[in-house]
1. In percent, what relative contact order does the range 70-194 have, based on Cα pairs under 8 Å that are 6 or more apart in sequence?
2. Between residue 113 and residue 86, what's the calculated FRET efficiency when r is the beta-carbon distance and R0 is 22 Å? Round to 0.05.
3. Among 84-97, 52-65, how do they line up from the highest to the lowest mean number of other beta-carbon atoms within 10 Å?
4. Among 105, 83, 71, whose Cα sits farthest toward the positive end of the charge dipole of the range 70-113 (+1 at Cβ of Lys/Arg, -1 at Cβ of Asp/Glu, about the Cα centre)?
5. For a paramagnetic label modelled at 7 Å from the Cα of residue 139 toward its Cβ, which residues of the range 96-110 fall within the zone defined by backbone nitrogen distances under 16 Å?
6. Quick query: amide H of residue 159 versus all other amide H atoms, modeled in the peptide plane; which residues come in under 5 Å with a sequence gap of 5 or more or a different chain?
7. Can you bin the range 66-194 into rounded, prolate or oblate? Criterion: square roots of the alpha carbon gyration tensor eigenvalues sorted a ≥ b ≥ c, rounded for a/c under 1.5, prolate for a/b above b/c, oblate for the rest.
8. Across the range 128-137, in residue order, what do the Karplus-derived ³J(HN,Hα) couplings come to in whole Hz, using 6.51 cos²θ - 1.76 cosθ + 1.60 with θ = phi - 60° and x for Gly and Pro?
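No lab work stands behind these numbers, since they all come straight from the coordinates. Nothing here was measured: the structure is a model prediction, and the numbers come from that model. Note that we place each Cβ from the backbone using ideal geometry, even for glycine, and neighbour counts take in every protein chain shown.
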Amino acid sequence: MQKLLIALCALFLATPALPGAHDNFSKVPEKYDEALSAEIQDFLNEYAEVYNRQDYDTLLTMWDRDFGGAIYMAEEVDPPMHGWDRITKYFNPVPGVKILDGIYNEYSDVRASYLTDDLAVATYHLRFDIKVRRQPAMSSWDRVMAVLRKKDGEWKLVAYAEAPMAPLTMVRRMLEDKVPEEFETYLESQKEAP
């Protein structure tokens, strides 16, 4: 079994994906609202600032607390959290006890569309660094889809779902991201060599 796993990993890492197989999926969708996307990006910049200082009481005010069906789907928690009791415990599992030494979230590539006059759906990219107490620090990223409601002139979250890539796809992306830009130039020079 171990030999099979090693062979599959080697095959995966050595075999390039079909050229262009997913190019059409990586492009920005043709229809999304640029002005709305900018508004949601502003909201997420503020959300990140509050999250990064671990001010969870303020963070929860950025959700529509009057909506009883709130959903938070963190990649590390199964099943998804429905309702305020579970969501509040996620952010503050042991009141008065600090769980994280630090967290740094960045949100980008927001693409949003209106569902109704006061309801929007958005997809975006989350990149984060996190240090859980007594564990090594780590960095990663996620794709996110969220539903927001405009209430009293401000956007509020009502549903949030992290959508990590499949493990093999994510590993490939991590390995590709480590390749320095100058390697392309080097490869071109090798084509010209005798």
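1. Worked out over the range 70-194, it gives 20 percent.
2. 0.20
3. Answer by packing, highest mean first, reads 52-65, 84-97.
4. Towards the positive end, the residue furthest out is 83.
5. Taking a point 7 Å out along Cα→Cβ of residue 139, the residues of the range 96-110 whose backbone N falls under 16 Å are 102-108.
6. The answer is 71, 147.
7. oblate
8. After applying 6.51 cos²θ - 1.76 cosθ + 1.60, I find 9, 10, 9, 10, 7, 3, 6, 9, x, 5 Hz.
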